Structure formats: structure tokens, C-alpha cells
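In what follows, a structure is listed as C-alpha cells, so that the remarks can point back to it.
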Amino acid sequence: MYNLDGLTVAMAGGDARELILARSLADCGAIVKSLGLPLHGANIIGCGSLEECLTGANALVLPVPGVTENMRLHGAYLENPPEITGSVLALLPEQAPVLVGVAREPLRRLVRQAGLRLGELMQMDEVAILNSIPSAEGAVQMAMEKLPVTIHGCRCVVLGFGRTAQTLAQLLHAMHAHTTVAARDPVQLAKAEAMGLSAVHFSEWTACSPPPDVLFNTVPAPVITESILQQLTPATLIIDLASAPGGTDFVAAARLGFDALLAPGLPGKVAPRTAGLLLARVVPRVLSQMALAG
């Protein structure tokens, strides 16, 4: 356990994952000032506003998804999530750590302007690889609930072959789905083949015949466009795991009769305890290292 005595951590927003993390930080000796988290206990101080939460803190932990497009906090327990602004971040001391799962560019810009240090947890292999497990299981769970057939024997295409896609493809393969990986990087394609998966270049996956029963996207870019959808059949279920707004043209998908689901943030929905324990394993160390470096 890391010793965080003398550190005051502001935790604003979040869900069940952050509840576990907050208790872990308090157990490490940190004073946790929380907003929008139903917490109580030793070393935990509940706050009624974002300004109160950040005043006197020397580190800030934001929810894994960070902020919305209009800079509002993600908060499962907040009725009216507050906005993150430069004036609010200015309440933190210079070079204070700001930890978040994924940072949008506006948040990165505000953190830089405030002279703070940003840490993106999902850019860390240790976090991203382990976090891919509940993401993959959640995606398969969604497919099982929606499909009229079993995963065993069904045809699946996984777009991209990053950390989440690798775990997902291996899970589908282990469940005896006919799994094809589509990627651009020759190294990723070679890795997929070494795992016993079918692998095709990204420009060729639509030629798979017959069309897939399930199409899983992990690429955070517009890759399932209307022209791509027109090459498929509406019987194909689309599950998009990329960060919002995803990589699917959902308007076109609905118009063409596809069942297309945007499913970011699955760990916090399907396995919040596992995801929270992962944060509790990593964040105290990161805060300790950043505090020492500061």
C-alpha cells in the first residue's frame, strides 16, 4: 500500500469505480474531498460544489470518461453535473496532478493553460490491457442478448487490433466464433494470425462472405460509413466500442435498418468492482510518483 499521508485529493464525479478508488485513496492516508460520490468515513470529506471540492486540494482525480463534449463532468450520482472551466482548475496549485481515464482535447488544453500535469490512465498499458477484459466480456454479453444465434459458430468481424480488440478477438475465438480481424498495421495482422485468428487488411473486410453476424468496432474514427453499411446486410449487428461518438454513422445505420449500438465505458457498467479495483491498484502509485516528481 502506498503512503499518501499529507496529500489532499479532489474527486469530482464518477460512478461505482470511483467509489472503490476513493476508499482506497483514503486507506492510503490521503484526504479525499468528493463531489457527487455517496461516500463517508475516515479521511473523506463530502463537498457541495466543484469549487469547494478543489479548494485546498493538491491533486484532482476525474471520472474515467472525463468530461462530456460541453465540458460537463461525467457523474452517475450527479443530477446537474458541473462544468470544468479554467477558473475552477486554477484553484489547484501549479503542477498539481490531474488524473483522468480519457482526456478530450478541450480538457487537455485547460489543464495546460492552468499549469497542471495531466495523467491519462487509459494510455497506460497496465490499465488499458486489464481494462480490456471487462470491455470484451461486456461486448460479448451485449451480442449474446441481441443475437438470435449463439456466439459459438457465428461470424464476427473485429475492426482494429488494439488492446481491447485483441482481448475481444481472443475471447470470441475461445468461444468458437468464426472471428476475423481487420487492421491496417502488418504487425497487428501478423499478431492476429499468430493467435489463430483470420486477418485481413482494413480495406478488404467488407469482401468477407457471407456478411458477419456481428461487427465489433474499436476504431475511434468514422470507419462504418453509409457506403460501408450499404455493402452489408441489416441482419448484421453492430456493436461500437470506440469512445463517443464512435466510428459508426448511426443515423445512416438506423435509416438502413441496422441494429447499431454505441457501447463505450463498458467496464463501469458490466464489472464496476473489477474496474474499480484496477483503478485502486494503479492510481495511488501514480499519484505518489507524480507528487514526488513535483
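The values are calculated or read from the model by the stated rules, or taken from the named source; none is laboratory data. Predicted model only: the values in this text are computed from it and were never measured. Backbone-built Cβ (ideal geometry, glycine too); neighbour counts: all protein chains shown. What goes into the accessible areas is simple: the full protein's heavy atoms, side chains included, and nothing from ligands, DNA or RNA. Shrake-Rupley method; radii C 1.70, N 1.55, O 1.52, S 1.80 Å.
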On average, how much accessible surface per residue is there in the chain, in Å², for a 1.4 Å probe, leaving out ligands, DNA and RNA? 45 Å²
Normalising by the residue count of the chain, find the relative contact order in percent from Cα pairs under 8 Å and 6+ residues apart. 16 percent
To make sure I understand the rule: partners must be lysines, Cα under 16 Å from the Cα of LYS191, and not fewer than 8 residues away in the same chain. Which ones qualify? none
Estimated 222 nm signal from helices in the chain, with DSSP H stretches of n ≥ 4 weighted -39500 (n - 2.57), rounded to 500: -11000 deg cm²/dmol
Treating the angle as unsigned and between 0 and 90°, give the value, to the nearest 10°, between the Cα long axis of helix 163-174 and the longest Cα principal axis of the chain. 50 degrees
Isolated Cys in the chain, by beta carbon distance under 4.7 Å: CYS28, CYS154, CYS156, CYS208
How much accessible surface area, in Å² rounded to 10, belongs to the heavy atoms of ARG112 with a 1.4 Å probe? 150 Å²
For ALA42 and MET144, what is the calculated FRET efficiency with R₀ set at 45 Å and r taken between the beta-carbons, to the nearest 0.05? 0.60
About its Cα centre, how strong a charge dipole does the chain have in debye, to the nearest 20, once Lys and Arg get +1 and Asp and Glu get -1 at the Cβ? 280 debye
Can you list the residues of the range 230-244 with backbone N under 14 Å from a point 7 Å past the Cα of GLU204, pointing along Cα to Cβ? none
Could you tell me whether the range 32-132 comes out rounded, prolate or oblate from its Cα gyration tensor? Rule is a ≥ b ≥ c as square roots of the eigenvalues, rounded for a/c under 1.5, then prolate if a/b exceeds b/c, otherwise oblate. rounded
Specify the angular offset, from 0 to 90 degrees and rounded to the nearest 10, of the alpha carbon long axis of helix 16-27 from the longest principal axis of the alpha carbons in the chain. 40 degrees
Could you tally the net charge around VAL223, taking each other residue with its Cβ under 13 Å from the Cβ of VAL223, Lys/Arg +1 and Asp/Glu -1? -2
Grab the beta carbon distance between ALA190 and VAL251, set R0 = 41 Å, and tell me the FRET efficiency rounded to 0.05. 0.70
Could you work out how far the C-alpha centroid of the range 251-294 sits from that of the range 156-216, in angstrom? 22 Å
Between ASP213, ASP27, ASP125, which gets the highest mean-square fluctuation from a Gaussian network model of the chain, Cα cutoff 10 Å? ASP125
